[in-house]
Amino acid sequence: MAVTALAQNRQETTLTEGWLFSQDQQTWQNVCVPHDWAIAGPFDKKWDLQKVRIEQNGEKEATEKSGRSGALPWIGEGHYKRNIQIPAGCKHAELMFDGAMAEPTVYLNGQKAGYWAYGYNTFRIDITPLMKAGDNLLEVHLKNVEESSRWYPGAGIYRPVKLIITGDDRIDPWKTFIRTTRLSSSQAVVDVTVGTGSPLDAHQGFEIEVRDAKGKLVGHEHCSEISNSGEANLSFTIQEPHPWSPETPYLYTAHIKYMQNGQLLDEVKQKFGIRTVKVSKEGGFQLNGITRKIKGVCLHHDLGPLGAAVNKAALIRQIKTMKDMGCDAIRTSHNMPSQMQMDICDSLGMMVMAESFDMWLYPKCKNGYARFFEDWWKKDIENLILANRNHPSIIMWSIGNEIPEQGSAQGKEISENLQNACHSLDPTRPVTQGLDHAEASIKSGVATTMDVPGFNYRVHKYQNSIGQLPQGFLLGSETASTVSSRGVYKFPVEVTDNSQYASWAPSYDPQAILKADGQCSSYDLEYCSWSNLPDDDWVWQDDKDWVIGEFVWTGYDYLGEPTPYDEYWPSRSSYFGICDLAGLPKDRYWLYRSRWNKDEHTIHLLPHWTWGLSKKDKGNRIGKMTPVYCYTDYPTGELFVNGKSQGKISKNPAERLDRYRLRWNNVKYEPGEIKVVVYDAQGNKAGEQTVKTAGKPAALKLEAWTQNSPLLKPNGDDLAFITVSLTDADGTLIPQADDQLTFEVTGAGSFEAVCNGDATSLESFKAPTMKLFNGQLVVVVRSSKEAGTLTLKVTDEKLKLSKSIDIAVQ
Ligand code: GAL
């Protein structure tokens with residue numbers, strides 16, 4: 001949570017503009033930070049071609065892998081520079097980087113000011129000794145080495161940088177720790193620790209005001225009992241508190257004043273939430289004393305076509321879309337989150353498992369974090385926790401993901417050291433890690449000594465594990481890894497692991513080679529050798545009290561790790577997402593929504609019903625078996641094809657695929673329409689949905705998403721996401737359309753990026769043209785700094801169609 005400056009002698013400036021960037025230190029370009037130098041591409045197999053054996057995937061031999069880290073040019077060096085202004089008489093200045101990829105070395109006026117090894121962590125650099133009044137040259141040097149990541153890490157100063165100027169007597173925000181120690185419906189006790197960089201003298205002290213969301217004063221304390229290290233502890237009793245939860249993300253603000261003889265030396269504002277977190281055998285996971293099962297998703301840090309460069313609007317869109325699905329938690333796999341993302345999770349109501357490492361000493365990829373672990377783990381854990389512990393959204397820390405050492409005595413020792421380090425900086429939150437070897441990690445004592453034993457996949461081992469876990473509960477720290485491509489349906493419809501629809505795949509039916517496309521089917525029946533279907537997880541989540549929740553792999557597709565196409569070019573991004581890389585929901589979104597969203601009903605039919613328009617498909621499904629699924633929270637449904645009933649069926653808890661889905665497996669395709677009528681538990685008709693065969697392509701449909709609908713803010717940083725669909729004259733999607741579109745932005749903004757969610761597309765995200773993927777894509781536009789109207793015009797040359805949308809910037 002950002003601490004905002006108030007007092008005159010504290011100035012915080014986010015260093016957004018005025019940066020020059022170069023990769024060779026010869027040619028420089030103007031950029032804004034956050035910046036990702038690699039996202040514009042071009043995509044090329046050569047950038048991250050590797051001959052490796054992916055041990056986590058159970059591979060026995062090394063093979064050639066392409067696209068593993070996104071096939072984008074992120075490897076190499078990057079240089080940034082700009083001037084910063086230091087006012088005359090300035091006593092103290094520091095830079096706060098929220099992450100820079102990677103190995104940032106920071107120079108001020110030609111002298112080294114600091115370095116941080118891990119590209120994902122927040123770090124602070126005191127530049128007081130090197131600064132001078134007036135202009136100072138700030139330079140940042142970055143280095144990304146090959147085979148240092150299992151996914152696309154991004155490249156550059158991809159998170160904000162702040163310049164913080166203070167007086168000699170200053171509050172240290174990382175020494176501010178606000179936590180709820182007792183909570184009932186009538187009262188909360190909130191303990192606050194505040195600190196300065198140096199001991200206080202006799203006339204100094206702190207004054208804290210606590211204000212509710214409306215600004216009303218609900219607590220006011222003074223403290224002059226200050227420890228030698230400059231820390232003070234205060235306690236507040238707040239009457240009739242508003243607890244923070246995903247459903248009620250209520251935030252208070254502590255105004256912390258550093259005083260001397262009645263004079264204000266420094267002041268910061270710190271937002272916080274009143275909430276408690278507990279895990280126990282009896283109650284499982286409890287937020288504010290209430291047991292709930294975590295309905296979480298894992299998220300990598302990239303934002304699809306924006307790359308790793310963080311953006312508030314893009315993050316809000318991500319979190320809101322997940323919340324609408326009923327998701328209440330994210331896991332920041334497998335690294336430290338951005339402050340911006342945590343602020344958004346606090347204010348929108350999303351619980352967070354904040355993770356730290358994907359490896360410790362043993363390298364999961366040749367040049368990964370294992371190079372640094374020994375020297376850096378303590379500093380990295382410290383910065384993660386000190387920067388983030390006031391975020392109410394964070395409910396647990398994670399010290400690692402699928403760490404190869406989990407089965408050894410050494411692993412146990414490291415695990416304990418990490419967990420203890422977390423406890424000493426933050427005794428209020430439990431610590432977990434994602435374990436992928438249940439037996440070995442139980443035997444070594446790693447699983448049995450974690451606050452929260454987290455297991456990745458392998459649900460069939462849960463039962464055996466629970467008998468050996470003294471904690472009496474376990475978490476599905478990573479689940480599902482079901483794969484699918486938006487709008488792609490493969491026949492025959494089968495449950496398979498590692499299906500590859502590619503001409504070279506040895507097991508693939510030669511008759512089907514023509515359909516080779518590097519995609520996965522959206523019947524949501526395909527997974528990996530180590531993983532499973534959503535339905536398989538839910539059986540455990542629903543039937544066992546001791547399973548405290550899950551984090552699905554993943555909420556969104558991400559750049560890199562194109563499993564099951566790790567060896568197939570041009571696949572360069574994942575298929576695991578519940579939403580695609582453009583942020584558009586796949587069918588699986590509605591499956592999760594049907595079970596997770598308890599406030600709204602879901603009725604979603606699949607597949608599309610237009611199997612005759614595209615040459616690719618040859619129109620050949622007429623008369624062929626084309627199963628129809630309905631994802632709904634209702635227990636019963638009747639399906640009609642052109643008015644003919646295909647039977648009224650109910651969910652069947654005894655069958656793997658019928659407990660959570662309604663399936664009609666023997667439907668023969670005929671053009672027209674499919675309609676489902678759903679019934680509630682009492683047998684009353686509750687709703688219906690119809691999917692029609694599309695006619696000829698006739699129109700482009702443009703739908704804009706903005707964080708402050710319907711407006712963009714004139715701040716140069718606000719983004720609108722416009723979903724473009726090709727439809728027939730009645731508005732029905734042309735579900736296999738791949739027309740090339742072009743985009744033109746005029747008025748108060750600019751074109752930012754485009755993405756169609758096709759994991760095999762090599763079209764640049766940053767060029768204003770792209771093919772539709774299964775009828776849709778998303779264009780991202782950026783507001784200007786001046787108010788006005790932004791117009792996006794989308795053109796389909798082939799069909800001589802164009803359509804514009806105006807968005808007010810004000
Ligand atoms: C897990 C791993 C993730 C991702 C996933 C794909 O084993 O923790 O990072 O690789 O597999 O299924």
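What tally of residues in segment 59-74 results from selecting those that are among the basic types (K, R) and surrounded by 24 or more Cβ atoms within 10 Å (Cβ to Cβ)?
1
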Next on the checklist: Considering only residues that are over 21 Å from N288 (Cβ atoms) and open to solvent by 70 Å² or more (accessible area, probe 1.4 Å), which ones fall in segment 178-213?
Outcome noted: P199, D201, A202, H203
Checklist entry - With G67, G58 as the choices, which residue is at positive phi, at pLDDT below 95, within 16 Å of the ligand (Cβ to nearest atom) and in contact with a Gly (Cβ under 9 Å, 6 or more places away or on another chain)? => result G67
Checklist outcome for this item: Reported set for segment 524-540 where residues are open to solvent by 10 Å² or more (accessible area, probe 1.4 Å), in contact with a strand residue (DSSP E or B) (Cβ under 7 Å, 6 or more places away or on another chain) and in a helix (DSSP H, G or I) is W540
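Can you pull out the residues in segment 268-297 that are within 30 Å of T166 (Cα to Cα) and open to solvent by 20 Å² or more (accessible area, probe 1.4 Å)? Write out each step before concluding.
Just the residues of segment 268-297 that are within 30 Å of T166 (Cα to Cα), to begin with: 268-274.
Selection gives K269, K271.
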Item to check | When residues of segment 303-325 are limited to those that are open to solvent by less than 10 Å² (accessible area, probe 1.4 Å) and either over 19 Å from W705 (Cβ atoms) or not in a helix (DSSP H, G or I) (or both), the one nearest to the ligand (Cβ to nearest atom) | outcome: A308
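Pick from S499, S484: which is touching a residue at least 60 places away in the same chain (Cβ under 8 Å), among the small types (G, A, S), in a loop (DSSP other than H, G, I, E, B) and open to solvent by 20 Å² or more (accessible area, probe 1.4 Å)? Before the answer, list the steps.
Numbers: S484 fails: open to solvent by 20 Å² or more (accessible area, probe 1.4 Å).
Being touching a residue at least 60 places away in the same chain (Cβ under 8 Å), among the small types (G, A, S), in a loop (DSSP other than H, G, I, E, B) and open to solvent by 20 Å² or more (accessible area, probe 1.4 Å) holds for just one of S499, S484, which is S499.
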Checklist entry - Out of (1) touching a strand residue (DSSP E or B) at 6+ places or on another chain (Cβ under 6 Å); (2) small (G, A, S); (3) not in a strand (DSSP E or B), what's the single condition that is false for G731? => result (1)
Item to check | Residue that is farthest from V192 (Cα to Cα) [pool: residues in segment 426-445 that are in a helix (DSSP H, G or I) and within 16 Å of the ligand (Cβ to nearest atom)] | outcome: A440
Checklist entry - Across segment 134-166, what is the number of residues that are open to solvent by 10 Å² or more (accessible area, probe 1.4 Å), outside any strand (DSSP E or B) and in contact with a His (Cβ under 7 Å, 6 or more places away or on another chain)? => result 1
Item to check | Members of segment 660-707 found to be under 33 Å from the mean Cα position of the chain (by Cα), open to solvent by less than 50 Å² (accessible area, probe 1.4 Å) and within 21 Å of T723 (Cβ to Cβ), listed by number | outcome: V691, L700, L702, T706, Q707
Checklist entry - List, please: which pairs have Cβ atoms under 8 Å, are six or more places apart or on different chains, and start with a residue in segment 524-541 that is on the phi > 0 side of the Ramachandran plot and end with one that is open to solvent by less than 10 Å² (accessible area, probe 1.4 Å) and among the β-branched types (V, I, T)? => result D524/T482
Item to check | Residues (away from the ligand (no atom under 14 Å from the Cβ) and outside any helix (DSSP H, G or I)) located in segment 446-467 | outcome: M450, D451, V452, P453, G467
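Could you please find all residues in segment 708-737 being within 30 Å of K798 (Cβ to Cβ) and surrounded by fewer than 16 Cβ atoms within 10 Å (Cβ to Cβ)? I'd like the intermediate steps shown before the answer.
Here is the first cut: in segment 708-737, the residues within 30 Å of K798 (Cβ to Cβ) are 719-737.
Selection gives A729, D730, G731.
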Checklist entry - Would you say Q406 is within 14 Å of the ligand (Cβ to nearest atom), part of a helix (DSSP H, G or I) and under 17 Å from L361 (Cα atoms)? => result yes
Checklist entry - Which members of segment 468-502 meet the condition of being away from the ligand (no atom under 16 Å from the Cβ) and under 29 Å from F285 (Cα atoms)? => result Q468, L469, P470, Q471, G472, F473, L474
Next on the checklist: If I filter segment 329-343 down to residues being open to solvent by 10 Å² or more (accessible area, probe 1.4 Å) and closer than 16 Å to P246 by Cα, which single residue comes out as farthest from the ligand (Cβ to nearest atom)?
Outcome noted: D343
Checklist entry - If you check every pair at least six apart or on different chains, which have Cβ atoms under 9 Å apart with a residue in segment 715-737 that is more than 18 Å from A704 (Cα to Cα) first and a residue that is modelled with pLDDT under 95 and assigned to a strand (DSSP E or B) second? => result none
Checklist entry - Among the candidates R572, R595, which residue alone is touching a Pro at 6+ places or on another chain (Cβ under 9 Å), touching a residue at least 24 places away in the same chain (Cβ under 8 Å) and over 28 Å from C755 (Cα atoms)? => result R595
Checklist entry - Just wondering, is there one or more residues in segment 560-569 that are within 24 Å of G434 (Cβ to Cβ), within 14 Å of the ligand (Cβ to nearest atom) and not in a loop (DSSP other than H, G, I, E, B)? => result no
Item to check | In segment 103-133, the residues that are over 13 Å from K143 (Cα atoms), aliphatic (A, V, I, L, M) and part of a strand (DSSP E or B) | outcome: L108, A113, I125
Next on the checklist: Quick check on my filter: what residues within segment 591-612 are at pLDDT below 95 and farther than 18 Å from R486 by Cα?
Outcome noted: G612
Checklist outcome for this item: Checked segment 363-403 for anything part of a strand (DSSP E or B) and closer than 30 Å to P243 by Cβ; matches are I394, I395, M396, W397, S398, I399
Checklist entry - Just wondering, is there one or more residues in segment 409-416 that are outside any helix (DSSP H, G or I), open to solvent by 10 Å² or more (accessible area, probe 1.4 Å), farther than 19 Å from R331 by Cβ and touching a residue at least 24 places away in the same chain (Cβ under 8 Å)? => result no
Checklist outcome for this item: By residue number, the members of segment 106-124 that are touching a residue at least 24 places away in the same chain (Cβ under 8 Å), under 20 Å from F372 (Cα atoms) and either open to solvent by less than 20 Å² (accessible area, probe 1.4 Å) or under 22 Å from the mean Cα position of the chain (by Cα) (or both) are V106, A117, Y118, G119, Y120, N121, T122, F123
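Looking at V552, V547 in this structure, which one is open to solvent by less than 10 Å² (accessible area, probe 1.4 Å) and either within 16 Å of the ligand (Cβ to nearest atom) or under 23 Å from P42 (Cα atoms) (or both)? I'd like the intermediate steps shown before the answer.
Numbers: V547 fails: either within 16 Å of the ligand (Cβ to nearest atom) or under 23 Å from P42 (Cα atoms) (or both).
Just one listed residue meets the conditions, V552.
The values are calculated or read from the model by the stated rules, or taken from the named source; none is laboratory data. Worth saying up front: this structure is predicted, and the values here are computed from it rather than measured. Heads up, the Cβs are rebuilt from the backbone with ideal geometry, glycines too, and the neighbour counts pull from every protein chain shown. SASA here: full protein model, heavy atoms, side chains in, ligands and nucleic acids out. Shrake-Rupley method; radii C 1.70, N 1.55, O 1.52, S 1.80 Å.
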